[in-house]
Amino acid sequence: MNITPTKIPDVLLVEPEVLGDERGFFMETWQRARFAAHGIDCELVQDNHSRSVEGALRGLHYQIRQPQGKLVRVTAGEVFDVAVDLRKSSRTFGRWVGTYLSADNKRMLWLPPGFGHGFYVVRGAADVEYKCSDYYAPAHERCIRWDDADLAIEWPLKGKPILSERDRLRGQPFASADCFP
């Protein structure tokens with residue numbers, strides 16, 4: 001397994017060892033001791049799985065209380081996955097990092113607590129699975145506009161994205177969003 005920091009060092013790109021032959025492949029997607037050796041040492045308490053059509057954009061979501069660290073991977077299709085640093089005390093506050101995750105490249109992305117998360121489906125229907133370090137708490141959920149000018153995320157859009165009502169109507173500007181200390 002190869003784990004490397006992104007341009008935001010706390011967000012880590014995970015490239016698992018994939019063992020394959022004529023039958024298919026095997027890969028380990030989580031083993032606490034192995035991940036802890038690379039600085040990802042937490043209890044993961046919830047698994048989520050979403051399916052989104054090509055052109056769908058989800059995000060930017062986070063929980064202001066019970067913030068969730070997320071280990072994100074794609075098991076079908078391809079997405080452009082984005083993490084936004086919402087920790088005011090961080091030297092990378094307000095910066096974003098994006099990477100392509102796909103069923104083909106089998107990469108994973110670790111976002112520690114304190115980050116907003118979103119993704120755009122660039123190819124096929126995408127199944128996104130992510131392990132979380134805390135439970136879903138809808139009362140504490142927040143959303144920042146995916147197209148916020150201050151963040152200036154360079155989404156690889158192919159036309160107008162497909163958005164949920166929440167993301168389209170209730171996303172807050174970054175400048176007025178609830179952030180972490």
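The values are calculated or read from the model by the stated rules, or taken from the named source; none is laboratory data. What you are looking at is a predicted structure, and each value in this text was computed from that prediction instead of being measured. We place every Cβ from the backbone using ideal geometry, glycine too, and count neighbours over all the protein chains shown.
In the set (1) surrounded by 15 or more Cβ atoms within 10 Å (Cβ to Cβ); (2) among the charged types (D, E, K, R); (3) part of a strand (DSSP E or B), the condition left unmet by Arg51 is number (1).
Listed by first and then second residue, the pairs linking a residue in segment 14-27 that is acidic (Asp, Glu) to a residue that is loosely packed, with under 12 Cβ neighbours inside 10 Å, with Cβ atoms under 7 Å apart and 6 or more places separating them unless they lie on different chains, are Glu15/Asn2. One residue stands out among those in segment 32-66 that are among the aliphatic types (A, V, I, L, M) and modelled with pLDDT under 95: the one that is farthest from Val84 (Cα to Cα), which is Ala33. Does Glu17 satisfy the condition of being acidic (Asp, Glu) and within 23 Å of Ser164 (Cα to Cα)? Judged against the criteria, Glu17 is not a match. Taking the conditions (1) surrounded by fewer than 19 Cβ atoms within 10 Å (Cβ to Cβ); (2) in contact with a Gly (Cβ under 6 Å, 6 or more places away or on another chain); (3) of a type outside the set (Phe, Trp, Tyr) in turn, Ala37 satisfies each one other than (2). For segment 102-129, taking the residues that are among the charged types (D, E, K, R) and outside any loop (DSSP other than H, G, I, E, B), the one that is nearest to Gly39 (Cα to Cα) is identified as Glu129. Does Thr4 qualify as being assigned to a strand (DSSP E or B), closer than 19 Å to Leu111 by Cβ, of a type outside the set (D, E, K, R) and in contact with a strand residue (DSSP E or B) (Cβ under 9 Å, 6 or more places away or on another chain)? So Thr4 passes the test. Each residue in segment 54-80 was checked for being without any contact (Cβ under 8 Å) to a residue 60 or more places away in the chain and crowded, with 18+ Cβ neighbours inside 10 Å, and 6 pass.
Among residues of segment 97-121 that are farther than 13 Å from Pro16 by Cβ, those with a Cβ under 7 angstrom from a residue that is assigned to a loop (DSSP other than H, G, I, E, B) and of a type in the set (Gly, Ala, Ser), sequence gap 6+ or separate chain, pair up as Leu111/Gly69; Pro112/Gly69; Pro113/Gly69; Pro113/Ser133; Val121/Gly55. When each of Gly98, Gly171, Gly114 is tested for being crowded, with 18+ Cβ neighbours inside 10 Å and closer than 30 Å to Phe25 by Cβ, the lone residue that passes is Gly98.
Per this entry, Leu13 is counted among residues that are in a strand (DSSP E or B), out of contact with any His (no Cβ under 9 Å at 6 or more places or on another chain), modelled with pLDDT of 95 or more and closer than 18 Å to Asn105 by Cα.
For every residue, the table says whether it meets (1) of a type in the set (D, E, K, R); (2) assigned to a strand (DSSP E or B); (3) farther than 23 Å from Glu78 by Cβ.
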site: Tyr136; (1), (2), (3): no, no, yes
site: Ala149; (1), (2), (3): no, no, yes
site: Pro156; (1), (2), (3): no, no, no
site: Asp178; (1), (2), (3): yes, no, yes
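Residues in segment 139-153 that are under 17 Å from Val97 (Cβ atoms) and either under 15 Å from the mean Cα position of the chain (by Cα) or of a type in the set (A, V, I, L, M, F, W, C) (or both): Ile144, Trp146, Leu151, Ala152, Ile153.
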